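Engineer: I'd like to ask some things about the structure below.
What follows is calculated from the coordinates using simple rules that are stated; it is not laboratory data. Since we're looking at a predicted model, the values are computed, not measured. So basically every Cβ, Gly included, is an ideal-geometry build from the backbone, and we count neighbours across all protein chains shown.
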Amino acid sequence: MNSYFRWYHIDDDLCVEYSREQPITSWVDMTSHLRNKYVPRQYESMLFLN
């Protein structure tokens, strides 16, 4: 990560904000994170209504 920040000349304050997030270490964590971010909460109920 530090090399990324240096390459793009990102300020230290922004580096701290990016670093606060916990890294995703497993596929289960990744799918959960993506589902929470992109899939609407009503998605499953919407499937059964149509």
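Engineer: Assuming R0 = 25 Å, can you tell me the calculated FRET efficiency for the pair SER26 and PHE48, based on Cβ-Cβ distance, to the nearest 0.05?
Structural biologist: 0.25
Engineer: In whole Hz and in residue order, list the ³J(HN,Hα) couplings for region 26-34 that follow from phi through the Karplus curve 6.51 cos²θ - 1.76 cosθ + 1.60, θ = phi - 60°; x for Gly and Pro.
Structural biologist: 9, 5, 4, 4, 5, 5, 5, 4, 5
Engineer: Stretch TYR38-ASP12 to full length: gain in nm at 0.36 nm per residue minus the Cα-Cα span? Don't skip to the end; give the middle numbers.
Structural biologist: On the way: separation 26, 0.36 × 26 = 9.36 nm, distance 2.91 nm.
Here the segment from TYR38 to ASP12 would lengthen by 6.4 nm.
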